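These notes concern the structure reproduced below.
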Amino acid sequence: MKYVILIHSNPQPWGHPTGDFIAEQQALPTEQRRAMNAGFEAVLTELSERGELVGGEALADPGSARLYRWEGGSPVVTDGPYAEAKEHLAGFFLIDVESQERAEEVVRHFSGPGETVELRPTMTVRAEEA
Amino acid sequence: MVTGRALEALVEDVWRRESPHVLAALLRRHGDLADCEDAAQEALAAAAVQWPRDGVPDHPRGWLVTVASRRLVDQVRAERSRTAREVAVAVAEPHGADPTAPSADADDPAEVDDSLQLLLLCCHPALSASSKVALTLRAVAGLSTTQVAAAFLVPETTMGQRLSRARATLRTAGARFVEVGPAELPARVAACLDVLHLLFNEGYAASAGAALLDVSLTAEAVRLARGLHASLPDHDEATGLLALMLLTAAREGTRVDAAGDLVPLAAQDRGRWDRAMVAEGVALLEEALPHGHVGRFQLQAAIAAVHAEAPSAEETDWRQISLLYAMLAERAPSPAVTLNRAVAVGEAFGPEPGLAVLDPLLADPTMRRHHRTFAVQAHLLERAGRRDEAREAYATAARMTASIPEQRYLNARLARLDNPSNLDER
């Protein structure tokens, strides 16, 4: 079963790993931040070694986006960001795991204070008998 | 004059036929699957270069085994000198047999055993279900890592990692080739049946998708089930599984329409069901059923046979199917069986009795996370004339499914419910 892990975040300034640029995480004791990072790295390595990590990317500053919106029959292009939201899509991982339980176990390590991490199943073209 | 492309196909063909035997020959001398697969792969690479140039040898298997054995010996030696420690493997010295000798005849009993023993190794209890399936495709079916990766829609590196991990797990568990004793054999064969069934279902589900895959997993599953049936002709469940696959695969071409939308069983063009596959499946079933040990695969095959033999959807013997599902529920109870029994009872005795069968599932938290529970409920409610409830159930099912074709189908049913002018029979 494939899932995307979507990192919604607003690092200031924009940067990766996002946690390094988020006030709530900067405020944590060094030891705790180190432990969180180590936990994340361990899970990422494990995902890769188990053949569960399909892919992922860190995204550029939302201001660098180009937005296409249709007006009067053709697309009108403006500069980003997409929305004046508190958080932006900052990156994503695509995983392929045996169960929802495994996905939930993994995704905990992607989260941190001051950010929202979204676990979302992907759709497939597979179909059982209708 | 044979073209380069035809030669490539010929090499691939020979390889697919011979690879389990080559691998088995290597594994008898040197137990490590990863090492043996590497060596076999190198022999294939050598064949891909030499055969198109020099022609396919008279005894391709002997050729492949010889080349692979040499690679294996080199590899083990290199490892020994590199690590300068005792390697706990039997030296790659052939036991008596000359690897360059012509290969055994095709009707040699060892011939069918190679694939069975490999399958048993790939279905070792230490492996996860998905690892068993992937390793079986790689080692028994002889698919390349690229092909296995494509079949599961993951990048090659991801599949490569999965396969390496599976081989490492076998190594850690101390799994050896030709190790399964008589006491352990029934359980291991049952595990093989489950893996082949899973592989088939995986392929059948994927075949509804728009993208035509390079490798048909259903065809691979049928091929492997044929091999298993050949190895164990008296195993009634192995026979039942092959029958089930054939009877189901016979419908494969009719389950999606030209627009790519799912066609339910009742609306499928029965004239296009593969009659040869149906006939073979029915014959296998008739051979196995009288033996008395009617297991779940035989029962499922029997259900598929009732569908296959009905001249039209209306003439389906749903009472017979309900009975078979009741037997299946006794033999191998599962929520999925209950779900299918609800459909059958609904068809045989009316929607309300069908809904009564479904009731316990709707109270089960796990099944409430499964879209099919609500899809079946929606159909039954619609047939009972309970439109508002049917609407809600269709909407719930459509929201929950992760399948694009199923979601399109459920949304279409929902739309038809609100616009009865579009209503046609199923």
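A few comments on the model shown:
- Distance between the modelled labels on A:Arg34 and A:Thr78, one decimal in nanometres: 4.7 nm (7 Å Cα→Cβ projection).
- Estimated dipole of the range A:2-121 in Debye, rounded to 20 [Cβ of Lys and Arg +1, of Asp and Glu -1, Cα centre]: 200
- Per-q log10 I(q)/I(0), the range B:321-426, q = 0.11 Å⁻¹ (Debye; single scatterer per alpha-carbon; no solvent): -0.33
- With Cα atoms, 0 to 90° folded angle of helix B:351-362 axis to chain B main axis: 50
- Qualifying trypsin sites (Lys or Arg not before Pro) for the range A:60-108 [loop in DSSP, other Cβ within 10 Å: at most 12]: A:Lys86
- Our coupling estimate for the range A:36-51, obtained by passing each phi through the Karplus curve with A = 6.51, B = -1.76, C = 1.60 and θ = phi - 60°, is 5, 4, 5, x, 5, 4, 5, 5, 5, 5, 4, 4, 5, 5, 7, x Hz, Gly and Pro reported as x.
- Cα gyration tensor shape for the protein assembly as shown, rounded if a/c is under 1.5, else prolate or oblate: oblate
- Helix B:60-83 vs. chain B, principal-axis angle (Cα, 0 to 90°, nearest 10): 70
- The angle between the Cα long axis of helix B:185-206 and the main principal axis of chain B comes to about 60°, on a 0 to 90 degree scale.
- Applying a DSSP loop filter and a limit of 10 other Cβ atoms within 10 Å to the GluC sites (Glu not before Pro) in the range B:308-410 leaves B:Glu314, B:Glu315.
- A:Thr124 long-range amide H proximity, modeled H, under 5 Å: B:Ser403, B:Ile404
- A simple rule links phi to the HN-Hα coupling: the Karplus curve 6.51 cos²θ - 1.76 cosθ + 1.60 with θ = phi - 60°, which for the range B:114-123 gives 3, 5, 4, 5, 5, 4, 4, 5, 6, 9 Hz, with x for Gly and Pro.
- Here's how it looks for A:Val54: its modeled amide H is under 5 Å from those of A:Leu94, A:Ile95, A:Asp96, which are all 5 or more places away or on a different chain.
- Residue-wise HN-Hα coupling along the range A:5-10, computed from phi with Karplus coefficients 6.51, -1.76, 1.60 (Hz; x: Gly, Pro): 10, 9, 9, 9, 7, 9
- Shape summary: chain B maps onto an equivalent ellipsoid whose semi-axes, from the alpha-carbon gyration tensor, are 46, 22, 21 Å in decreasing order.
- Note on A:46-54: average number of Cβ atoms from other chains within 10 Å of each residue's Cβ is 6.
- Assuming charge only on the beta carbon of Lys and Arg (+1) and of Asp and Glu (-1), the dipole of the range B:233-316 about its Cα centre is about 160 debye to the nearest 20.
Bear in mind these aren't lab numbers, they're just calculated from the coordinates by the rules spelled out. No experiment lies behind these values; they were computed from the predicted model shown. When we count neighbours, we look across all protein chains shown, and the Cβ atoms used for this are built from the backbone with ideal geometry, even at glycine.
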